[in-house]
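**Student:** Here it is, the structure, as structure tokens.
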Amino acid sequence: MKKHYDYLIVGSGISGSTMARLLSDAGKTVLVVEKRDEVGGNVHTDLIDGIPVHTYGPHIFHTHSKEAWDFFCKYADVAPYVNRVFANYKGKLISMPFNMHTFEALFGVKTPEEAKEVIGKEIEKEGIKEPKNLEEQALSLVGRTIYETLIKGYTEKQWGRDATELPASIIKRLPIRYEYNDNYFNDAYQGEPKGGYTPFIENLLKGVDVITGVDYLANKEEYDEKADEVIYTGRLDEYFGFELGHLEWRSLRFDVKKEEVDSFQCTAVVNYTEREVPYTRVSEHKKFDPSCTNHHSTILSYEYPDSFEEGKIPYYVVNDAKNSTLANKYKEKVAALNNVYFLGRLANYQYYDMDDAILSAFELYKELTK
Ligand code: FAD
Ligand code: UDP
């Protein structure tokens, strides 16, 4: 292995691996250090019985950006895929996100006019002018029936708080369609990598030196000496030894089960929207990969929301005023650093979809090479 590198990249998630590819293609020498014993960060997939299992939760690549899509297709063998999600509410399967299939199942309506009339009346009854929290936002967007059947239970399980204590912004992301269109995403491009995400990440890291099982922060000085510049994709507060306080996260726990059947559920992802069911969704992994040839068994992940504490995986940022203020204070410290760049969801304390991660690596690359 080379003694000195142009860049040290901390973390082999999609952010760090994209950056490693771009810099390596530009002729820079790059060393990637990764804390886990595997590459890919949260998009990592494991092959179990020939099925790519999404170890850290179901991932679907979707984007409006042709640039991000072209990059993904260059390094992954992408199969067409449309994410179709059903909610299981007290045993009844209801199409998500909110579309004419949903309205037909809940209200028996068949035309957009009928649906708008029923939902419009429910919204009017609530009389909410300026929604102050997630519950009020949802009631003013879709009315009480949809809120209580499909949103309240799922959301309160997911975030571990009452919907009245959550910001309205979380729910603004759910599309509402008065047509029979059950594609979960609105983006122009959507697909899944054949064989899972790990081969994609391995392609990004081809020709790059990678050391796994290494915590950069435990030996920071030693690793800093190995390169001229550092790109850090680990946690923002951890880099500074939590000196200003801890940023909060929401965690998840996955219970992985094998069933000796070809097909277990109607689609890849089924959400369980009742508060009483402890998991939020069940993912059937083979259904993310249309090229999967296992027809005798299937692997499922039951997804349980969990509180976060040190030692658990930080999955979702907690988007409230307290955490945003603290994150901004840490970001002021980042701006004062020399030759260290913070990239990705952990280092920016921000929710990123995979395309956002790729695009922010493009942006940093441009800044570094201008
Ligand atoms: P990470 O994947 O977290 O990578 C950071 C890496 O840095 C990790 O491997 C970590 O081990 C390593 N690291 C941290 N600290 C250190 C250290 N001190 N030393 C060495 N290494 C370190 N996006 C989509 O586009 N579509 C989806 O369907 C989708 N589904 C999702 C489902 C769930 C449940 C969640 C939580 C997220 C989902 N996402 C989805 C978002 C997606 O997971 C992120 O966009 C992506 O993981 C961001 O990659 P990253 O490289 O920024 O961070
Ligand atoms: N949500 C819901 N019911 C569902 C799915 C989602 O109420 O069946 C809400 C929930 O509050 C969630 C938010 O919509 O946090 C965003 O959903 P999305 O599927 O985008 O969540 P993610 O992929 O981040 O888990």
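None of the figures in this text is laboratory data; all of them are computed from the coordinates on show. Everything numeric in this text was worked out from a predicted model, so none of it was measured. Heads up, the Cβs are rebuilt from the backbone with ideal geometry, glycines too, and the neighbour counts pull from every protein chain shown.
**Student:** Which aspartates and glutamates have a Cα lying under 16 Å from the Cα of Lys331, excluding residues fewer than 8 positions away in the same chain?
**Tutor:** Asp237, Glu238, Glu243, Glu248
**Student:** Put a dot 7 Å past each Cα toward the Cβ at Asp262 and Glu310; how far apart are the dots in nm?
**Tutor:** 5.1
**Student:** Taking the beta-carbon count within 10 Å as an exposure proxy, list Asp37, Asp187 from fewest neighbours to most.
**Tutor:** Fewest to most other Cβ atoms nearby, the residues stand as Asp37, Asp187.
**Student:** Relative contact order for the chain using alpha-carbon pairs under 8 Å, separation at least 6, rounded to a whole percent?
**Tutor:** Computed over the chain, the figure is 26 percent.
**Student:** Give the angle, between 0 and 90 degrees and rounded to the nearest 10, that separates the Cα long axis of helix 134-146 from the longest principal axis of the Cα atoms of the chain.
**Tutor:** 40
**Student:** Can you tell me how much longer the chain between Lys366 and Asn339 gets when fully stretched, taken as 0.36 nm per residue apart minus their C-alpha distance, in nm with one decimal?
**Tutor:** Full-extension gain reported as 8.2 nm.
**Student:** Cα-Cα over 19 Å: which of Lys194/Lys287; Lys74/Lys194; Lys92/Lys152; Lys172/Lys329; Lys226/Lys370; Lys28/Lys333?
**Tutor:** Over 19 Å Cα-Cα: Lys172/Lys329; Lys226/Lys370; Lys28/Lys333.
**Student:** Rounded, prolate or oblate, given the Cα gyration tensor of the stretch 137-218, with a/c below 1.5 counting as rounded?
**Tutor:** Oblate shape, in that a/c is at least 1.5 and b/c is the bigger or equal ratio.
**Student:** Let me ask you something else. May I ask what percent, to the nearest 5, of DSSP beta bridges between residues of the chain are antiparallel?
**Tutor:** If we restrict to bridges inside the chain, about 60 percent are antiparallel.
**Student:** I've got another one for you. Compare the peptides 93-102, 127-136 by average per-residue count of other Cβ atoms within 10 angstrom and give them in order, highest first.
**Tutor:** 93-102, 127-136
**Student:** What does the extension gain come out to for His295 and His246, with contour length at 0.36 nm per residue minus their alpha carbon separation?
**Tutor:** That pair, His295 and His246, stretches by 13.0 nm at full extension.
**Student:** Next question, about the same structure. Please give the FRET efficiency for Lys194 paired with Ser324, using the beta carbon to beta carbon distance and R0 = 30 Å, rounded to the nearest 0.05.
**Tutor:** 0.15
**Student:** So how tilted is helix 66-75 from the main axis of the chain? Cα-based, degrees 0 to 90, rounded to 10.
**Tutor:** Taking the Cα atoms of the chain, the angle to 66-75 is about 60 degrees.
**Student:** Divide by every residue of the chain the summed helix terms, -39500 (n - 2.57) for each DSSP H run of at least 4, and state the resulting mean residue ellipticity at 222 nm, rounded to the nearest 500 deg cm²/dmol.
**Tutor:** After summing the helix terms and dividing by the residues of the chain, the value is -9000 deg cm²/dmol.
**Student:** Taking the simple approach of a point 7 Å from Cα along Cα-to-Cβ for both Glu332 and Asn219, what is their distance in nm?
**Tutor:** 3.5
**Student:** Multiplying the sequence separation of Glu148 and His64 by 0.36 nm and subtracting their Cα-Cα distance, what value in nm do you get?
**Tutor:** 27.1 nm
**Student:** Here is a further query. In terms of Cα to Cα distance under 16 Å, which aspartates and glutamates are near enough to Lys206, apart from those fewer than 8 places away along the same chain?
**Tutor:** Cross-link targets: Asp25, Glu34, Glu38, Asp77.
**Student:** How much net charge surrounds Ser12 when only other residues with a Cβ under 12 Å from its Cβ are counted (Lys, Arg +1; Asp, Glu -1)?
**Tutor:** Neighbour charge sum, excluding Ser12 itself: -2.
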